[in-house]
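Remarks on the structure that follows.
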Amino acid sequence: MPNRARSKASGAALARQQGARAQELAVAAFEFIAGEPRRLGRFLEMTGIAIESIREASRDSDFLAGVLDHICEDEPLLLAFCREIGVNPDAVVRARAVLSGAPWERDAP
């Protein structure tokens, strides 16, 4: 396989891996939000999503990016989430970038 084709293939594999890790982190973030009624209520209020729509919305990467947006916009919430799951806040920011389609030059969480 020529170097350029191999590079493209490994780049695509890395992007899939980053996307999968970012989705896992976003799901963990949503579980953290949903685990506390006040946090969930605030999330629903801020996003305008109806509780009945969450199951369907959770299959959409835009929803998952929105979960990470919500967490990142509230520093105390971000820090509490990161403390609970043992991850660096930068990993959450990188995951948000991956899910929103923004380019990230370094490895995502």
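Here, each number is a calculation from the coordinates, and none is a lab measurement. Everything quoted here is computed from the prediction, not taken from an experiment. As a convention, Cβ positions derive from the backbone with ideal geometry for all residues, glycine included, and neighbour counts pool all protein chains shown.
Per 0.36 nm of contour for each residue apart, how much would the distance between D69 and A15 grow if the chain were fully extended, relative to their Cα-Cα spacing?
Gain in length upon complete extension: 17.4 nm.
Once the Cα atoms of the stretch 3-99 are picked out, what are the Rg and Dmax in Å?
14.9, 53
What spacing in nm lies between the two simple spin-label points modelled at S61 and R38, each 7 Å away from Cα in the Cβ direction?
3.5 nm
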